[in-house]
Amino acid sequence: MTLTTSQLDQYRQNGFVTGLAAFNADEVRDLRTQIETLERNHTSGSGAHDLGQFFRVNGQLVIPLLARVGRSNRILDAVQSVLGKNLLVWSVELFIKEPRTQSVVSWHQDLTYWGMGETDEELTAWIALSDVSIKAGCMRFIPGSHKGKIVDHDDTFDPDNLLSRGQEIQGIDETQAVHGPLRPGEMSFHHGRCFHASGPNESDDRRIGLAIRYVTPEVRQPALGPDYAMLVRGCDPVRGWINVAGASTLFAPDDLALYDQVLAHQSKALAAGAESSVGLYQAQGQQ
Ligand SMILES: O=C(O)CCC(=O)C(=O)O
């Protein structure tokens with residue numbers, strides 16, 4: 001599935017596009033079942049981390065299912081329409097809001113703490129594994145906000161905020177916000193400088209989103225030095241990334257060691273300026 005000209009225009013003009021097809025009804029049901037089976041059987045995770053930590057960031061390194069989704073051809077065809085033929089996955093993450101909970105995501109730009117500067121060579125594919133309606137707390141976006149620079153964020157450390165430091169852009173004109181509801185199996189793309197947020201889940205079902213951060217070989221992490229990413233399409237001719245394979249066995253010892261190595265490396269950028277040590281997002285279940 002490639003993006004139509006109109007979808008590509010929407011992404012370029014607005015910094016996001018919604019309603020893209022990623023998985024059919026059977027596929028998305030199966031994916032959700034696999035995620036929920038992991039939750040049932042492996043809550044305590046493995047090694048030093050519980051499952052919430054692995055769901056929070058870099059799950060592709062230790063959970064084969066998440067590595068496989070990142071390599072899914074239908075998603076890659078669509079991402080290729082925007083970023084070109086050489087693609088790497090930087091991180092696969094889950095955003096789960098339990099039914100009738102106050103979990104929110106404050107207005108933010110993704111690139112603020114990723115150490116990649118203001119690059120246009122990345123995007124997030126966010127896939128709905130449940131009905132992500134307005135009531136369920138779908139994402140909202142400010143159209144065109146990606147055309148500006150990275151702006152200041154205040155740390156709020158709000159416990160209901162899924163962002164690890166509750167980082168928030170102040171003074172957003174909410175009247176400009178556009179909701180991006182998604183049916184199960186649909187996905188949206190958003191640019192890392194696009195302002196986005198989401199409200200609480202007031203529905204009776206869980207709200208489950210799977211976010212895949214795609215980058216190109218050209219992206220650099222000047223503050224960190226070479227970072228880790230999984231080559232999923234084409235090649236990395238400039239070898240700017242340390243290429244990792246992605247998990248093929250659940251919680252393999254070597255993968256768990258790599259996970260810690262990657263987390264230690266990336267934490268330098270993710271926690272920059274924060275008062276305490278933080279990851280990117282709150283562990284699920286801390287709402
Ligand atoms: O799931 C959400 O509500 C927010 C997700 C998000 O901020 C992201 O994928 O960058």
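Numbers for the structure displayed
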| read-out | value |
| --- | --- |
| Cross-chain or 6+ apart pairs with Cβ under 9 Å, segment 171-199 first and farther than 15 Å from G15 by Cβ and more than 10 Å from the ligand (Cβ to nearest atom), then among the acidic types (D, E) and open to solvent by 10 Å² or more (accessible area, probe 1.4 Å) | P181/D131; L182/D131; R183/D131; P184/D131; G185/E27 |
| Check on S91, buried (at least 22 other Cβ atoms within 10 Å of the Cβ) and not hydrophobic (A, V, I, L, M, F, W, C) | yes |
| Positions within segment 95-119 being touching a Ser or Thr at 6+ places or on another chain (Cβ under 9 Å), open to solvent by 30 Å² or more (accessible area, probe 1.4 Å) and closer than 29 Å to D227 by Cβ, in sequence order | V104 |
| Residue list for segment 136-168, filter: within 15 Å of the ligand (Cβ to nearest atom) and modelled with pLDDT of 95 or more | A136, G137, C138, M139, R140, F141, I142, S145, H146 |
| Residue satisfying all of: in segment 1-36; free of Cβ contacts under 8 Å to residues at least 60 places away in the same chain and farther than 28 Å from A177 by Cβ; surrounded by the most Cβ atoms within 10 Å (Cβ to Cβ) among these | Q34 |
| Hey, V232 closer than 18 Å to V92 by Cβ, part of a loop (DSSP other than H, G, I, E, B) and away from the ligand (no atom under 14 Å from the Cβ) or not | no |
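The values are calculated or read from the model by the stated rules, or taken from the named source; none is laboratory data. A quick note: this is a predicted structure, and the numbers were derived from the prediction, not measured. Don't worry about glycine lacking a Cβ; one is built from the backbone with ideal geometry, like all the others, and counts go over all protein chains shown. Ligands, DNA and RNA are stripped out before the accessible areas are found, and what is left, the full protein with its side chains, is counted by its heavy atoms. Shrake-Rupley method; radii C 1.70, N 1.55, O 1.52, S 1.80 Å.
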